[in-house]
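Step one of this worksheet: look at the structure below.
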Amino acid sequence: MNSLIPLMVIVPILCALFLNLLHKKDRTIKIIAIILALILPALPILANYGLHYFGGYVPLIENPTLGTDLPSLITGTALNTFHPAITYSFQSAQKIFVFILGLVGLLAVFTSLFETRRPSGVYGYMMFMGIAAITAVLLTDDIFNLYVFFEIAALATVGIVLVSNIKGNYETALKYMILGGIAAPMLLLGVALLLGVTGNVNITDIIYSLKNGLVNPQSPVLLMACGLIVFGWLYGSGLPPFHTIKSAVYSKALPSGAALVQAFSVFTFIALGVIILRIFSYLPFSQWVILGVSLLAMILGITMAILQTDLRRMIGFLAVGELGYIGIGLGLGTVSGITAGLFQAVNEAVITAFLFIGFGTVLYQTGISDTRKLGGMMVRNPKVALLVLLAGFAMAGVPPLNAFQSKLMLIQASINAGLPELGVIMILLSIVTFMTFMKAFHAVFLRPKPADLEIKNENIPKATIIAMLVFLVVCIVFGLFPQVVTSYLQPLATSLGGVV
Amino acid sequence: MIIDTQLASLFTAVALIIIGIFAAAFLDNLIKKVIGLAFIGDGVNLFIVSMGYKAGGIVYIYLPGMAADWFSQNASYPLPFAMVLTSIVIGASTMAVMLGIIIVLYKKHGSLKASEILGD
Amino acid sequence: MNLYDLIVKKIKDIQGTDDESPITNISTSSMLTAEITLISSILVALIMLRLVSKILMIVAVLVVLFAFLVAMPLMPRFKKEQNDSLAAMMFYVILALAIVIALFYWGNLNV
Amino acid sequence: MSEGIKKIIMGFSLLTFAVAIFQSTYQFKQLIYPGISYLYNYVGPNIAPNMVTVVVFDWRGYDTLGEALILVTAVITVLLVFGRGKVQLGGK
C-alpha cells in the first residue's frame with residue numbers, strides 16, 4: 001500500500017507532538033513512546049515500493065484530465081513529464097535505511113526512557129522529530145523539501161544537545177547553530193541555482209534536463225551549485241572542517257541522544273551524497289572531491305580520536321572518522337564500491353549507536369567520562385564489558401561481525417577500481433581505530449579501580465542491556481548474511497554506478 | 001536604466017550574503033554575529049525571490065474577469081515565492097533559538113563576547 | 001636525552017608547563033601513534049598522484065616526507081588547531097568554503 | 001598561526017568566494033528558466049485564484065508541513081533553553 005509511505009514521516013511527527021503535550025505525565029509518556037517507537041521499524045517493512053505524489057498530482061503525461069486545453073508550450077515540451085508536486089520515492093535501498101533508522105530510534109528512545117530520572121516529553125519530541133525529518137530526507141525526491149527537513153533535523157539535534165545537563169552544552173549548541181547559519185543557507189543557495197537553471201526542484205527532473213540537453217551541463221552556474229551543495233553536505237554530515245563541532249555535539253548529548261544524532265549524520269551523509277552523485281556524476285571532479293574529503297575525514301577523525309581523554313569525545317571523533325569509509329565507497333563510483341559504501345553506512349549507524357549506548361552505561365554508573373579518572377568497571381559488570389568489547393570488535397571489522405564484511409567489500413572495490421592505496425589506508429586506519437578503542441576499553445574496564453571513583457548507580461537498567469543485545473544480534477546477522485542487506489542496496493548502486 | 005532590475009536585485013542579494021558571512025566571521029559580539037547570519041538568510045531569500053521576477057508581469061492572483069490565457073502568459077512565476085515563504089519561517093525559527101541561547105549565556109557569563117563565551 | 005624524552009619535552013612545550021594534568025605513558029604513546037598514522041596515511045594517499053603524473057608523485061612524496069621530518073611532532077600542533085573555540089572553527093569553515101567553491105568553479109572549467 | 005594571519009587568510013578566502021559568486025550570478029541571470037512555474041500558472045487557475053496558495057497548500061504541501069513543524073520545534077526548543085523538560089541521567 002503506497003499510503004504507508006507518507007505515514008513513515010507522519011507517525012513520528014504525531015508521536016513527537018503527543019509526547020510534548022503529555023510532558024510531565026510520566027507513565028503515559030513511557031507507554032505511548034514505547035508503543036509508537038515499535039511502529040517505526042515496522043512501517044518500512046510493511047510498505048510496498050513505489051512513488052508517492054503529494055495530493056495525487058502525477059506528471060501531466062500520466063494524468064490527461066488535468067492537462068486538457070493546455071497550450072503546446074506545456075504539453076509539447078518536457079514540462080509534460082515533470083513532477084509538479086512533491087514526490088516521495090520509496091525503493092529497496094530506502095527500505096533498509098528507514099528500517100535501520102527506525103531501529104536505532106526505537107532503541108535510543110527505549111534506553112532514554114529508562115536511563116533518565118524522569119522521562120521527559122520534550123526529549124521524546126526532539127528524538128521523534130529528528131527521526132521524522134531524517135526519514136523525509138531519505139525518502140524525498142525533491143531537493144527543496146530535503147532542505148526544509150534537513151533544517152528540522154538540525155534544530156532537533158540542537159534540542160537533543162540542550163536537553164542534557166552536561167556542562168558546556170549551551171555553548172556547543174550555539175556554536176553548532178552559528179556554523180549551521182552559514183552552511184545551511186549555502187545549501188539553499190545551491191538549490192536556488194539549480195532551480196533557476198533547470199526550472200525544477202525535483203531531482204529526477206533535474207537529471208532529465210541535464211541528460212537531454214535542456215540545460216548545458218558544463219555551465220559554470222551548475223558547477224557553482226554543485227560546490228555549494230557539497231559544502232552543505234560537509235556541514236550536514238560533519239566532515240572536515242565540521243568534524244570538530246560534530247564530535248563536540250555528540251559528546252554533549254546523552255548517550256541515547258548521541259546514538260541517535262550520529263545516525264542522523266550517517267543518513268544525511270547518504271541522502272545528500274547520493275543526490276550529489278545522481279545529479280553531478282557527469283563531473284568526474286565531484287567524485288574526486290568526495291574521495292578527498294572522505295580521506296581527510298578518516299585521517300583527521302581517527303588521529304584526533306586517539307588523543308582524546310574524554311570518552312564521549314573519543315567515540316565522537318571515531319564516528320566522524322568512520323564516515324570516511326562510506327565516502328570512499330561512494331567516491332569510487334563503481335557499482336561494487338557504492339554498494340560497499342552504502343552497506344558500511346548501514347553498519348556504521350548500528351555500530352556507533354551500540355558503542356555510544358555501551359559506553360553510556362559507564363557514564364550512567366559513575367557520571368564521569370574522563371578516561372583518566374575511570375577504571376575497574378569490568379568487576380562490576382562483566383556482561384556489559386563483554387558487550388562493549390564486541391561493539392569495538394564490530395567497529396574495527398573483526399569477523400564475523402558486520403563491519404568486517406563491508407570493509408572487506410570496500411577494500412576489494414578500491415583494488416578493483418585501480419586505487420589499492422585507499423585499501424591500504426583503510427586497513428591502517430582500521431587498526432588504529434581498534435587501538436583507540438582498546439585504549440578506552442582498557443582505561444575504563446580493565447585497569448584497577450582508582451580509589452576516589454565512586455559508583456552512583458549500581459544497576460544498569462535492563463532496557464539498556466536489551467538494546468545492546470539487539471544491536472549485537474543485528475551486527476551478527478548482517479555479518480553472517482551480508483547478502484541480505486546488499487541485495488536491497490544493489491539496485492540503487494547499479495543506478496548510480498551505471499552512469500559512470 | 002543602465003542595469004536591469006533583476007540583475008540589480010540578484011547582486012544585492014549576493015552582496016547581502018557576503019556582508020553576512022563577513023559579520024559572522026569577523027565580529028566578536030554574539031548579537032552582531034546573529035545579525036550577520038540573518039543577513040545571509042535574507043540574502044538567499046532575496047536571491048530566490050528575484051528568480052520569480054518577470055519583466056512586465058502581473059501579480060499571480062487570478063481575479064474575476066481575467067482571461068485565463070492572458071493571466072497564464074503574464075503572471076510572474078509563483079514557485080520561488082512559495083519557497084521563500086517556507087525559507088523565511090525556517091530562518092526566523094533558528095534565529096529565535098539562537099537568541100534564546102544567547103540570553104542564557106549572557107546571564108551565565110555576563111558578557112556577549114564570542115571569544116570569551118565560545119572559546120576553547 | 002633519548003627520543004622519548006625529546007617527545008615528552010616537545011609535548012610539554014606545546015601544552016604549556018602549568019597544565020596540571022601529568023603527561024602519562026598512555027598520552028605519549030597515543031601522541032606517537034597519531035603522529036605515525038598521520039604521516040603514513042598522508043604519504044600513502046600521495047601515491048595516488050601517480051594517476052596524474054609519476055614524476056609529480058615522487059617529488060611530492062619526497063617533499064612531504066622532508067617537510068614532516070623537519071616539523072616533526074605535528075600532532076600537538078594539529079590538536080591545538082582543531083580546538084573547540086568558535087574562532088578556530090569559523091576560520092576553517094570559511095577557508096573550506098573558499099576552497100570548495102574555487103575548486104568547483106574554476107578548477108572544473110580547466111580539467 | 002597568529003590571529004592576524006588568520007584574519008588575512010579569512011578575508012582573502014571571503015574575497016575569493018565573493019568574486020566567484022558574483023561572476024556566477026552574472027552568468028546566472030541569462031540562464032534563468034521558470035520551468036515548472038509555467039505549468040503552475042497554466043493549471044493553477046483551475047484550482048484556486050492565488051497561485052502561491054496553490055503551490056504552498058496543494059502542490060508542495062509537505063514543505064508547508066515542514067514549515068509548521070519547524071515553528072513548533074523552535075517554540076519547544078526555546079522553552080527547553082529556559083529549562084522546560086531537561087533530563088538528568090541516572091536512576092534513583
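Read the figures in this text as sums done on the coordinates, not as results from a lab. Everything numeric in this text was worked out from a predicted model, so none of it was measured. Ideal geometry is used to build each Cβ from the backbone, glycine not excepted, and the neighbour counts take in all protein chains shown.
Among A:Ile31, A:Ile203, what is the fewest-to-most ranking by other Cβ atoms within 10 Å? Before the final figure, lay out each step's value.
Details: A:Ile31 13, A:Ile203 21.
The order, fewest Cβ neighbours first, is A:Ile31, A:Ile203.
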(request) Express the relative contact order of the stretch A:44-114 as a whole percentage, based on alpha carbon pairs under 8 Å and six or more residues apart in sequence. (result) 43
(request) Return the average number of partner chain Cβ atoms within 10 angstrom of each residue Cβ along peptide C:30-43. (result) 6
(message) Which residues among the stretch B:1-22 fall inside the zone where the amide N is under 19 Å from a point 7 Å beyond the Cα of B:Ala55, along Cα→Cβ?
(response) B:1-12
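Which FRET efficiency, nearest 0.05, do A:Leu446 and A:Tyr49 yield, Cβ-Cβ r, R0 41 Å? If you can, show how the numbers build up before the last one.
Values: r = 48 Å, r/R0 = 1.17.
Efficiency, rounded to the nearest 0.05: 0.30.
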(request) Assuming R0 = 41 Å, can you tell me the calculated FRET efficiency for the pair C:Leu56 and B:Ser115, based on Cβ-Cβ distance, to the nearest 0.05? (result) 0.45
(message) What distance in nm lies between label points placed 7 Å from Cα along the C-beta direction at C:Ala67 and D:Ala68?
(response) 5.5
(message) Give the aspartates and glutamates whose C-alpha is closer than 17 Å to that of D:Lys29, dropping any in the same chain fewer than 8 places away, or say none.
(response) B:Asp4
(message) Could you tell me the center-to-center distance, by alpha carbons, between the stretch A:1-76 and the stretch B:87-112 in angstrom?
(response) 32
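Quick one: grab the alpha carbon gyration tensor of the stretch A:89-225, order the square roots of its eigenvalues as a ≥ b ≥ c, and give me rounded if a/c is under 1.5, else prolate or oblate depending on whether a/b is larger than b/c. Display every interim value, and only then the final one.
On the way: a/c = 4.07, a/b = 1.80, b/c = 2.26.
Oblate shape, in that a/c is at least 1.5 and b/c is the bigger or equal ratio.
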(request) Find how many whole Å separate the alpha carbon centroid of the stretch A:313-389 from the alpha carbon centroid of the stretch D:1-48. (result) 38
(request) Any chance you could give the angle, 0 to 90 degrees and rounded to 10, that helix A:255-280 forms with the longest Cα principal axis of chain A? (result) 30
(request) Pull out a ≥ b ≥ c, the square roots of the eigenvalues of the alpha-carbon gyration tensor of the stretch B:1-98, then state rounded if a/c is under 1.5, prolate if not and a/b is larger than b/c, and oblate in the remaining case. (result) oblate
(message) Looking at the protein assembly as shown only, what percent of DSSP beta bridges run antiparallel? Nearest 5 please.
(response) 85
(request) Could you please rank B:Tyr106, A:Tyr53, D:Tyr38, placing first whichever residue has the fewest other Cβ atoms within 10 Å of its Cβ? (result) B:Tyr106, A:Tyr53, D:Tyr38
(request) Order by neighbour count: A:Met127, A:Met177, fewest other Cβ atoms within 10 Å first, most last. (result) A:Met177, A:Met127
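Mind giving me the FRET efficiency for B:Lys108 and A:Lys456? R0 is 25 Å, r the Cβ-Cβ distance, nearest 0.05 is fine. Show your work: numbers first, answer last.
Details: r = 26 Å, r/R0 = 1.03.
Once rounded, the FRET efficiency stands at 0.45.
Can you give the local net charge around B:Ile88? Use residues other than it whose beta-carbon is closer than 13 angstrom to its beta-carbon, Lys and Arg +1, Asp and Glu -1. Could the numbers behind the result be given before it?
Numbers: positive: none; negative: A:Glu151, B:Asp42, D:Asp63, D:Glu67.
Once positives and negatives cancel, what remains is -4.
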(request) Give the shape of the stretch D:3-81 as rounded, prolate or oblate, defined through the alpha-carbon gyration tensor: a ≥ b ≥ c are the square roots of its eigenvalues, a/c under 1.5 means rounded, and otherwise the shape is prolate if a/b is larger than b/c and oblate if not. (result) oblate
